[in-house]
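What follows is one structure encoded as structure tokens, with my remarks underneath.
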Amino acid sequence: HCPEEMLSLLEQAKEQRSKAFTALNKDSSRSHMVIDVHVSSGTANQQNNAHLFLVDLAGSERMYKSNVSGQQLKELQHINKSLSALGDVMEALDKKASYVPYRNSKLTRLLEDCLEGNSRTLMMVTVNPGRDSNQETLCTLQFATRARR
């Protein structure tokens, strides 16, 4: 596929992503986005195949700061639970634990193949430099630290 087609697919995925207004963010992602790109290269004699997972995680929010209720509150709770489960999985992998809790969330089950074995993971986090976001920034950096070990 050509780069233009990939960009078009990314744009379609972005448009379908659930978003809502909260007290913390006027355009808050209410879902994670996972894109699995199949990559192939090589010659007729030797073919190399790989998967490139592009994952955009919805940000964790504090209930009392985001000022949400109803469906948005349920989404916030699911987002926070899945992020916690992802942190648990990455911590277990780092410690080479005999049990890795992939089944604790849909997100970690979906990402199991790209977190274990011969995979490589790169995480980038976005934080708000504003003073009123100090607690969220600290939590985000702690999550990233926990995940990078």
Checklist entry - Taking into account only those residues within the stretch 116-149 that are more than 23 Å from ASP36 (Cβ to Cβ) and charged (D, E, K, R), which is modelled with the lowest pLDDT? => result ARG149
Item to check | Subset of the stretch 74-98 [surrounded by fewer than 18 Cβ atoms within 10 Å (Cβ to Cβ) and out of contact with any helix residue (DSSP H, G or I) (no Cβ under 7 Å at 6 or more places or on another chain)] | outcome: LYS74, GLN77, HIS78, ASN80, LYS81, SER84, ALA92, ASP94, LYS95, LYS96, ALA97, SER98
Checklist outcome for this item: With criteria (1) surrounded by fewer than 13 Cβ atoms within 10 Å (Cβ to Cβ); (2) under 28 Å from GLU15 (Cβ atoms); (3) at pLDDT 90 or above, HIS38 comes up short on (3)
Item to check | Search result, residues across the stretch 105-149 that are without any contact (Cβ under 8 Å) to a residue 24 or more places away in the chain, open to solvent by less than 40 Å² (accessible area, probe 1.4 Å) and within 15 Å of LEU86 (Cα to Cα) | outcome: ALA144
Checklist entry - Name the residues in the stretch 45-73 that are open to solvent by 90 Å² or more (accessible area, probe 1.4 Å) and either in contact with a Cys (Cβ under 8 Å, 6 or more places away or on another chain) or at pLDDT 85 or above (or both), would you? => result ASN45, GLN46, GLN47, ASN49, HIS51
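The values are calculated or read from the model by the stated rules, or taken from the named source; none is laboratory data. Model, not experiment: these values are computed from the prediction. Neighbour counts are summed over all protein chains in view; Cβ atoms, including those assigned to glycine, are modelled from backbone coordinates with ideal geometry. Please note that ligands, DNA and RNA were not included when accessible areas were found on the heavy atoms of the full protein model with its side chains. Shrake-Rupley method; radii C 1.70, N 1.55, O 1.52, S 1.80 Å.
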